[in-house]
Structures are given as structure tokens and as C-alpha cells.
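These notes concern the structure reproduced below.
Quick note: the coordinates plus some simple rules give every number you see, no bench work behind them. Keep in mind the model is a prediction, meaning the values are calculated, not measured. A quick note on method: Cβ atoms are made from the backbone with ideal geometry, for glycine too, and the neighbour counts reach across all protein chains shown.
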Amino acid sequence: MTDWNTLPGYVSHKDALGETTVTIESAQIRAACEHAKTQLGFSMLSDIVATDYLGWGGKGVSGYIATSTGRDINFPMTQGLQTLPELKPKRFAVNYHLLALRQPPERVRLQTWVDDGESLDSVVSVWPGADWYEREQFDMMGIVFDGHPNLARLLMDDDWEGHPLRKDYPIGGEPVRFSEAE
């Protein structure tokens, strides 16, 4: 059993549905990742994923109530407000999915929260493979990673405006770019 309290910036942890999520203060995410790698044996970073919770918990936020086997179609969706979503501390959750390559293997999600305009320290110095993951989150969500060696767009054209996976990104009305047919 891993002692998560030893991670720098530790806030809390929870085990749910076979997954462990450890919440870390955003200013300490790089130190926590380095500690997880060097002291706790989480040598592999498998992904960095940001989630936009803009408007979460507000009027009109709805979803289905899930069970361990999937959605329960006999229990109505939450629009009836019988189940309200838990409020989030900030707009964006940034999740670092780590794997310890030992027997048995162990997975953990280090999670930190940032608001629009706040940045995080890059973890490229801890895991060089974080380069592309951080660039993807910058490109799609607008999360800035301080100290990244080449924080540039990865998937969208360099002249693209906005970040397409953000909830405030305008939907529709964009001209489709086709190459000329010959």
C-alpha cells in the first residue's frame, strides 16, 4: 500500500472503481511527479489529460447516473435534480496517469486543478515523453506548461484561433478547409 501523504503538495486521495486519484496542489505538480517516479517507482507516464468543467454544477448540467455496469436506464437522468453534480475546485482538472512497472503493476492518477490563465510546471524533465502530451493539452485546451522546451501547437494549424476541446469554443460556423480538386 503506497503512502500518498509523502507526495509534495498532497491535498487528498480517493480510491473509487478500482482507481486511485491523488489530488496535488498545482504549484507542486512537478515535484510530486518527480517524487512519484524516483521514490515511489512510477517510472512510466502514460498520458496527461485535461478536462474542462466550465459551468459544472450550474443550471442545466445534466447526465445519466451510472452504475458499475453502465448507465441505469430505469433511473432517470439528473435533469430532475435528484442528483446534483459535485462542484469542482477550479475550471480545469489536469490528470497525470502513471504506471509502476512492477509485479503487480500499480496505476495512479495525479490530479491538479487550474483556472483559465493559470499555468503548470512542465514535467518534461521528469518524463521526456511528456513533451507531446503537454503540447496536446496546450493545443486542445489552452493549458500552459511553464518550462516546456517547445510549447507549440501539435494538432491544429499554427494560425488556428482558440482551443477546440474547451467548452467555450464556438461550435459550427467554421469554414471547412478542402484542398483543390484537380
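Within the straight-line cut-off of under 15 Å between alpha carbons, the aspartates and glutamates reachable from Lys37 are Asp3, Asp47, Glu106, sequence neighbours fewer than 8 places apart in one chain being disregarded.
Would you please state which residues of the range 21-48 a label at Leu155 would reach in this model, taking the label point 7 Å out along Cα→Cβ and a backbone N cut-off of under 14 Å? Those under the cut-off are 48.
Here r is the Cβ-Cβ distance between Asp116 and Asp146 and R0 is 22 Å; the resulting FRET efficiency, rounded to 0.05, is 0.90. Label sites at Thr51 and Gln103, each approximated as a point 7 angstrom past Cα along Cα to Cβ, lie 3.4 nm apart. Computed from backbone phi, the HN-Hα couplings of the range 95-108 come to 10, 10, 8, 10, 9, 9, 8, 9, 10, x, x, 10, 10, 8 Hz, rounded to whole numbers (Karplus: 6.51 cos²θ - 1.76 cosθ + 1.60, θ = phi - 60°; Gly and Pro given as x).
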